[in-house]
Amino acid sequence: MQIRIPMPSPHLEQVGSRCKFCIMILITGGVGSTIGAGVYILVGAVAREHTGPALAIAFLVAGIAAALSAFCYAELACRCPSAGSAYHYTYVFLGESVAWLVGWALILEYTIGGSAVARGISPNLALFFGGGDKLPAFLGRQTIPGLGIVVDPCAAILVIIVTVLLCTGIKESSLAQAIVTTVNILAMLFIITAGGYLAMKTGWTGYNLPSGYFPFGVNGMLAGSAVVFFSYIGFDAVTSTAEEVKNPQRDLPLGIGMALFICCVLYMLVSIVIVGLVPYNALNPDTPISSAFEDNGMQWAAYILTTGAVTALCSSLMGSLLPQPRVLMAMARDGLLPSFFSDINEHTQIPMKSTVVTGILATLLAFFMDVSQLAGMVSIGTLLAFTAAAVSVLILRYVPPNEVPLPSSLEWCIDSESLGFISDMKKIESANLQEAIEASGGNQHLLANQEASIEYPLIEKQIAQENHEKRRKVAIWSICLVCIGAFVLASAASAEDIPSFFQFTLCAIGGVILFCSLIILSCLGEDDARHSFGHAGGFLCPFVPFLPAACILINIHLLIDLGVGTWIRVSIWLVMGAVIYIFYSRTHSVLRNAVYVPKSYADEIYRFLSNKVV
């Protein structure tokens, strides 16, 4: 079975050759994209309904689950550094059609996510003016008479400012994001230090409850982990700057890992302080942190917390608007979108046109639409990307692509290279025969034996090739069964409306399929061809195939738990994307007229071309 890799050459371009930035800005960008204003609200609702004092444990479990995807992203970012991020990984390992759906879902996520974040700026900004009705008229929300549409000028202005900032260049926008992220982190450190001091004075009353540390049990804590898992979404935005980083093989894994670690530590420390300062059942579900400080006589702290929330919103908005133009650029370079989106500005070295289009669309949505009801849709794009990244790691390790597409413009050299290759083989065979004649002293019997010995390695090589192909087929089917087993297990575990007997039976079937597939992959061993695929060196995902399989299982479970209504709305978007792909993208794809050849053969062709140029 042949695995085909799309044309790699366009993705090896370094669009930001004059705009490389350091690892610290990369880390702050990842932290800023991950930590949003939701943490200032989320801790109250989750502690009251799911975890109780065990909120910090829930954040730790969710952080470990997010780290599984981070490991997969880190390896893929080293092997295939591209601005397309998860779209590009899917394009290489799972094919163009699957990559299109992932990219299309990411466009939805970044657009709605950015607009929803921008809409949240008005209520927080109003606190500085003493309430929403005291905002200046040009910033306050207004209702259009007769239409009932609530417009938000403040959200639109914020999107415009961020878009202009992103158009100035990657270094400038990353520096600005680093500044607002630093302010947000300082606000969280204030919560930790000041809240910890107050909690010590009151004796950590939140932990001295008769209900214990797990009032809702371990299952409640795990349910809370599923909720707070989405607080870690955003670290994947780091990989979208792969072509603008000094050393992708070193900086991208470090940036992803450090960003996720910092976020996890901050989340846990804030959780420990808040549930220790105020009993979980007394937390305000809407404003848990500011209410906790007010109850302890620190009303003025609300201004610091609001500053942190506003800067968190600004940083999250940058984290949403920064990756989308680069995903559009990667899709356009593959011919799936008009070439308009792939144009790079010569001065700023960024996809200027894609950034402007993204900003205009986000501005209109933030101004006219209340996208809070669509907020659940933003998670599907990320979870699909996480799942595709985990599957891609399994393919990279066990069945790395063995065919490379050549553009139609290079078809003329295939026969020339073939003739040259055959001619070289004939010269080698003639030389071997001549040596055999000289060694045999003209003895025809010895010569016949020599000719036969020359043929045996070819037979052995053919047998080895057949065994290798059989192994690849077994590996491919095993990876498919891993996905099927994970889907059956996650679906059965999430099904609450079926009898327990059928639920346990389906769980057992899915678990057996998953376990047996992983055992087969472990026994097969990894393909040696993985060492020569993509960029050499860099981070390697540990515990393969078990870690990617766990990542697939967790992400599928979270996807199923998003609900039927969310999936119906997302399905409409995906159907629209499928129509565009069928009627436009397939006909304009760079792979449409490409000729696939074995990877080793393609290397010979490019070597042949380089020799002709010399």
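The values are calculated or read from the model by the stated rules, or taken from the named source; none is laboratory data. Because the structure is predicted, anything quoted here is derived from the model rather than measured. Methodologically, a virtual Cβ is constructed for each residue, glycine included, from the backbone with ideal geometry; neighbour enumeration extends over all protein chains shown. Each accessible area value is taken on the protein alone, full model and side chains, heavy atoms only, with ligands, DNA and RNA left out. Shrake-Rupley method; radii C 1.70, N 1.55, O 1.52, S 1.80 Å.
So which of V512, V488 ends up being of a type in the set (A, V, I, L, M), more than 17 Å from P548 (Cβ to Cβ) and open to solvent by 70 Å² or more (accessible area, probe 1.4 Å)?
Criteria check complete, one pass: V512.
Listed here are the residues, each with its yes/no results for (1) over 29 Å from M24 (Cα atoms); (2) open to solvent by 40 Å² or more (accessible area, probe 1.4 Å).
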position	(1), (2)
T205	yes, yes
Y213	yes, yes
V238	no, no
T241	no, no
E244	no, no
R250	no, yes
Next item on the list: Just give me the residues in segment 123-152 being surrounded by 13 or more Cβ atoms within 10 Å (Cβ to Cβ), in a loop (DSSP other than H, G, I, E, B) and without any contact (Cβ under 8 Å) to a residue 60 or more places away in the chain, in sequence order.
Entry: L135, L139, G140, R141
Item checked: Which numbered condition M329 misses (of (1) open to solvent by less than 20 Å² (accessible area, probe 1.4 Å); (2) outside any helix (DSSP H, G or I)) -> (2)
Note to self: Test of understanding: among L547, L609, which residue is modelled with pLDDT of 90 or more and touching a helix residue (DSSP H, G or I) at 6+ places or on another chain (Cβ under 8 Å)?
What the structure shows: L547
Notebook entry, point to check: Looking at segment 282-293, is at least one residue touching a Phe, Trp or Tyr at 6+ places or on another chain (Cβ under 9 Å) and within 24 Å of Q177 (Cβ to Cβ)?
Noted result: yes
Check: Identify, please: which residue in segment 262-296 is assigned to a helix (DSSP H, G or I) and β-branched (V, I, T) and is, among those, farthest from G224 (Cα to Cα)?
Finding: I262
Margin query: Just the residues that are more than 17 Å from F190 (Cα to Cα), open to solvent by less than 20 Å² (accessible area, probe 1.4 Å) and either in contact with a Ser or Thr (Cβ under 6 Å, 6 or more places away or on another chain) or without any contact (Cβ under 8 Å) to a residue 60 or more places away in the chain (or both), please, taken from segment 283-319.
Written below: S315, G319
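Checking the condition in a helix (DSSP H, G or I), within 27 Å of A330 (Cβ to Cβ), modelled with pLDDT under 90 and not basic (K, R), which residue from A237, A259, A223 passes? Break it down stepwise before answering.
Details: A259 fails: modelled with pLDDT under 90; A223 fails: within 27 Å of A330 (Cβ to Cβ).
The match here is A237.
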Next item on the list: Within segment 554-586, track down each residue that is open to solvent by 60 Å² or more (accessible area, probe 1.4 Å) and not in a helix (DSSP H, G or I).
Entry: D561
Next item on the list: Can you confirm whether segment 44-62 contains a residue that is closer than 13 Å to M258 by Cα and within 21 Å of the chain's Cα centre (by Cα)?
Entry: no
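Taking E109 as the residue in question, decide whether it is open to solvent by 60 Å² or more (accessible area, probe 1.4 Å) and touching a helix residue (DSSP H, G or I) at 6+ places or on another chain (Cβ under 8 Å). I'd like the intermediate steps shown before the answer.
Details: open to solvent by 60 Å² or more (accessible area, probe 1.4 Å): no; touching a helix residue (DSSP H, G or I) at 6+ places or on another chain (Cβ under 8 Å): yes.
Considered against the rule, which asks whether it is open to solvent by 60 Å² or more (accessible area, probe 1.4 Å) and touching a helix residue (DSSP H, G or I) at 6+ places or on another chain (Cβ under 8 Å), E109 comes out as no.
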Item checked: Complete set of residues in segment 166-198 that are open to solvent by 50 Å² or more (accessible area, probe 1.4 Å) and not acidic (D, E) -> T168, K171, L175, I179, T182, V183, L186, L189, T193, Y197
Check: Is it the case that segment 262-282 has a residue that's closer than 19 Å to T111 by Cα, open to solvent by less than 30 Å² (accessible area, probe 1.4 Å) and under 29 Å from the mean Cα position of the chain (by Cα)?
Finding: no
Check: Consider A493 against the criteria (1) among the small types (G, A, S); (2) within 29 Å of A388 (Cα to Cα); (3) open to solvent by less than 40 Å² (accessible area, probe 1.4 Å); (4) modelled with pLDDT under 95: it satisfies all of them except one. Which criterion is unmet?
Finding: (3)
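A quick yes/no check of all residues on (1) closer than 19 Å to S69 by Cβ; (2) assigned to a helix (DSSP H, G or I); (3) open to solvent by 10 Å² or more (accessible area, probe 1.4 Å):
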| site | (1), (2), (3) |
| --- | --- |
| F341 | no, yes, yes |
| H347 | no, no, yes |
| T355 | no, yes, no |
| I360 | no, yes, yes |
| A366 | no, yes, no |
| G381 | yes, yes, no |
| T387 | yes, yes, yes |
| L394 | yes, yes, no |
| R397 | yes, yes, yes |
Check: Consider F539 against the criteria (1) at pLDDT below 95; (2) farther than 22 Å from L252 by Cα; (3) buried (at least 17 other Cβ atoms within 10 Å of the Cβ): it satisfies all of them except one. Which criterion is unmet?
Finding: (2)
